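Notes for the one structure printed next.
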């Protein structure tokens, strides 16, 4: 198996040596890290999305007409 040095890989792929070294150490890129300011867990977020989708799937015209006829 051919092993490239970080310097050679950086030259071949036109990437920063520092970036490649960080990736080799296992540090993920910032865009792949969940933000600290995230307020909802994945479960809570998917539950809210499912509830919204449920209401969107209802016949909203029927609901609006029934509310305006009162």
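Only the coordinates and a few stated rules stand behind these numbers; no lab work does. As the structure is a prediction and not an experimental result, all values here were calculated from the model. FYI the Cβ positions are ideal-geometry reconstructions off the backbone, even for glycines, and counts take in every protein chain you see.
In table form, for the structure just shown:
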{"quantity": "Order by protection proxy (mean Cβ within 10 Å, highest first), peptides 6-17, 23-34, 44-55", "calculated": "6-17, 44-55, 23-34"}
{"quantity": "Near-label residues of segment 29-49 by backbone N, under 16 Å of a point 7 Å along Cα→Cβ of residue 57", "calculated": "46-49"}
{"quantity": "Extension reserve of the residue 67-residue 43 stretch, reckoned as 0.36 nm per residue once the Cα distance is removed", "calculated": "5.4 nm"}
